[in-house]
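Input: a single structure, listed below in structure tokens.
Any read-out appearing in this document is the output of simple, stated calculations on the displayed coordinates, not a laboratory observation. Note that the structure is a prediction, hence the values are computed from the model and not measured. Cβ: placed from backbone, ideal geometry, glycine included. Neighbour counts: every protein chain shown.
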Amino acid sequence: MCIRDISYIEEVSGGDRGKYVEKFYLRCGASVLLSSLARNILDRSLTGFEFASGIPGSLGGALFMNAGAYGGEMKDIVTEVRAVSPDGSEIKTFTAEEMEFGYRHSILQENGGKQEGGHSHQFEWKTITTPTAEMDGLEAYACIICGYYTDSVPVSAYSYACTEGAKQVLAAGQNAEITLKMGRWCSYPRWFMEKLAQRRDLTIHLQFEYLHKQYEVLIPAKMPMDTECEWYGPLKLCNLYPYTIK
Ligand SMILES: Cc1cc2nc3c(=O)[nH]c(=O)nc-3n(C[C@H](O)[C@H](O)[C@H](O)COP(=O)(O)OP(=O)(O)OC[C@H]3O[C@@H](n4cnc5c(N)ncnc54)[C@H](O)[C@@H]3O)c2cc1C
């Protein structure tokens, strides 16, 4: 069947216009462009493929690398992949699990999907995306050879900002004056304040954004620190210490 510029797309189940369907299956040729496929799916008033509409390339390329955007990945929607070996001698159907989708990875990247002759995975926890104070990172239990991973945990930008701030405090020279640039993070847990309390020789300028304004809280050296509360928000900090607003 040929719809618009799509070379091969076959409706497998459901999808009558105006009829609610729980799940809808399409079988497509790998040369279909993601943008065309997204358009086709949208035309049927179906949802689930929006994430891929702006990713350039074909369905085959997207499967090969488990393409993704806006929190969606091919692995979330693919149920089955039928592949032909490069020499045309073998046809194999992979289940979604057998595709071994990981971050920008699939089994197709390993010797054309043939496990024999490929490598045995060697898993280690490693950083896939390094967090910053602005953006979450990702730690994954990943193969050090091909990057395929089976488990992952996000590392929040917030915890990164607090941990780096605490490290900066503990590493500062004796009696130093330091500035902690906490960006948009303006509430701190008790453990963070306890780290600051360990270094009462320091003068600490705590900078953060609150309600679109830049705050700077000054924690003078030697001044006793409150560590009784679970959390220290911007208003509490401004009650406890001198501050300026820019
Ligand atoms: C401007 C820009 C923005 C991008 N944004 C994103 C993004 O947001 N998210 C994201 O994940 N990626 C993104 N990409 C990467 C892009 O999605 C990939 O380059 C694309 O998925 C590759 O598909 P392709 O059809 O161009 O494959 P090609 O580049 O032709 O091939 C890529 C690999 O896939 C293999 N391959 C291709 N087709 C098949 C097939 N039918 N069967 C088996 N193997 C096949 C090829 O052998 C090759 O190894 C972006 C790229 C650009 C240039």
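Considering only Trp231, Trp125, Trp185, the Gaussian network model of the chain with Cα springs below 10 Å gives its largest mean-square fluctuation to Trp231. Over the chain, Cα pairs under 8 Å with separation of 6+ residues give a relative contact order of 9 percent.
For the chain, what number results from the quotient of the Cα radius of gyration and 2.2 N^0.38 Å?
1.47
The distance between label points at Ile144 and Ala171 comes to 2.5 nm (points 7 Å beyond Cα on the Cα→Cβ vector). Within the same chain, lysines fewer than 8 places from Lys213 are excluded, and of the rest, those with a Cα less than 18 Å from its Cα are Lys181, Lys236, Lys246.
Which angle between 0 and 90 degrees, to the nearest 10, do you get for helix 157-171 versus the longest principal axis of the chain when only C-alpha atoms count? Between helix and principal axis, roughly 40 degrees.
Using the alpha-carbon atoms, what tilt in degrees (0 to 90, nearest 10) does helix 34-43 show relative to the longest principal axis of the chain? Orientation of helix 34-43: about 80 degrees from the principal axis. Each part gets one Cα centre, and for the range 162-178 versus the range 184-200 those centres are 11 Å apart. With helices as the sole contributors, the chain gives -5500 deg cm²/dmol at 222 nm; each DSSP H run of n ≥ 4 counts as -39500 (n - 2.57), and the sum is divided by every residue. Here Met182, Met225, Met135 are placed in order of increasing Cβ neighbour count within 10 Å, fewest first, which gives Met135, Met225, Met182. The slack between Lys181 and Val153, meaning 0.36 nm per residue of separation minus the straight C-alpha distance, is 7.5 nm.
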